[in-house]
1. What is the gain in length, in nm to one decimal, between Asp19 and Leu55 on full extension, counting 0.36 nm per residue of separation less the C-alpha to C-alpha distance?
2. In nm, give the distance between the simple-model label positions of Ala37 and Trp62, each being 7 Å from the Cα along the Cα-to-Cβ direction.
3. For the range 30-73, what's the relative contact order in percent, using C-alpha pairs closer than 8 Å and at least 6 residues apart?
4. Full-extension gain between Lys7 and Ile77, please, as 0.36 nm times their residue separation minus the C-alpha to C-alpha distance.
5. Answer with a single label: of (i) 33, 31, 23; (ii) 45, 26, 19; (iii) 42, 21, 19, which was calculated as Cα extents along the principal axes in Å from the structure in view?
6. What part of the accessible area of the chain, given as a whole %, is carbon or sulfur when the probe is 1.4 angstrom?
7. Heavy-atom accessible area per residue, the chain, 1.4 Å probe: how many Å²?
8. Can you give the helix-only mean residue ellipticity at 222 nm for the chain, where every DSSP H stretch with n ≥ 4 adds -39500 (n - 2.57) and the sum goes over all residues, rounded to the nearest 500 deg cm²/dmol?
Amino acid sequence: MTAQQVKPYRERMFSLVADPELKAMEIRYEPYLDLHAIEDVLEGCDIVQAGPGELITGKLIWKEGYDLPLELKRDIINLYNKHFIDQEAN
């Protein structure tokens, strides 16, 4: 993709939060989330907009104070990659 064809951050975030995989993760990790009083699987991280001119439009940042299971982190990274990294190669 050229710089003009890159999907904007906002569009990528909308597609990420609407992704059925996110709802499936909420169901899969519901016992963990309930046990630790976490509202949703993305509470332990932020996806912030990258600076102008950067190839990748969003950056995944882990928040301090959350000790998420490795499987949950892996699933979040895969979902992030699906919407922010893998589309860059298309």
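1. The span from Asp19 to Leu55 would gain 10.7 nm if fully extended.
2. Once both label points are built, they end up 2.3 nm from each other.
3. Reported as a whole number, the value is 30 percent.
4. Once the chain is fully extended between Lys7 and Ile77, it gains 23.3 nm.
5. The calculated read-out lines up with (ii).
6. 55
7. 66
8. Result for the chain, helices only: -11500 deg cm²/dmol.
The values are calculated or read from the model by the stated rules, or taken from the named source; none is laboratory data. These numbers were taken from a predicted model, which means no experiment stands behind them. Reconstructed Cβ throughout: ideal geometry from the backbone, glycine too, with neighbour counts over all protein chains shown. For accessibility, only protein heavy atoms count, side chains too; no ligands or nucleic acids. Shrake-Rupley method; radii C 1.70, N 1.55, O 1.52, S 1.80 Å.
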